[in-house]
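One structure is given here, and the rest of the page talks about it.
Values in this text are rule-based calculations from the coordinates and carry no lab data. These numbers come from a predicted model, not from an experiment. Note that we place each Cβ from the backbone using ideal geometry, even for glycine, and neighbour counts take in every protein chain shown.
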Amino acid sequence: MHLPRPKNTDFQDTLFPLETPITFASARNWTGDFFEEATRVATGAIRYRTDCRVAVCPDLRWKASKNIFFESKAVGRTGHAIIYQNRWLKDLAWLKKTRSSMYYWFWSHKTSVMLCPNLYALRDSLAQTIIVVYICSISSMQSILADRPLRVLNTATIRSGENSGKRSGYGKGNELPAWTKLPYGFQSSSYGIGWSIPLTLVSKACVRTQYLCLPMSVYGHVIPQIKVSSGNGEALKFLL
């Protein structure tokens, strides 16, 4: 398997608060980074860098197995997670070819990200407002997505240009037939096309609950307790 290089996060935190301001562009990246690191801390998994030169870029790999990977998803006040169609189909093909498994970690939190003045405040708020973590297997994800309509999720990223006039009907919120295959960059500009998944559906697939009571430190910010739900007891297997 050709995978990205591991991402090193074992560094000393700064002595003073990080004054990096939060912008609309950075909010999603910093929030996603925090929960990827939280997944690593909770499981001892290996994080990967984002690298466009490789076919797939999973977020993490479980240390105890070369064929079990994790995807980390941050879910805020909307209560919905986003899965992009192109990435999903590519991952499915790769997992089948390599006989690997993938588990999705949905971190639900109550932080108003854009109200945080800087990176330090954002991380501190995320650590304190986690509601629950859902660990969902790839098979459960397939069942959830089977009946969900495809949508244009990110209208801000839909390209303009020579094909823009051919994309009528793919406006914000428009539904597309389930499992419609739309190639990246061609007419429909399928970047931004995928599924919006309510956590209420994920919670129905994750019926076994436990609490991780030992304090976890993520970038120096302590998570006092985590409620973890999974389908078949995976949480017991993965958590340190």
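Miscellaneous remarks
- Computed extension length for SER143-THR209: 21.7 nm, one decimal, from 0.36 nm per residue of separation with the Cα-Cα distance subtracted.
- Exposure proxy ranking, count of Cβ atoms within 10 Å, fewest first, for VAL222, VAL54, VAL132: VAL222, VAL54, VAL132
- Debye log10 I(q)/I(0) at q = 0.26 Å⁻¹ for segment 54-142, Cα point scatterers: -1.28
- Distance between the modelled labels on THR200 and ARG99, one decimal in nanometres: 4.1 nm (7 Å Cα→Cβ projection).
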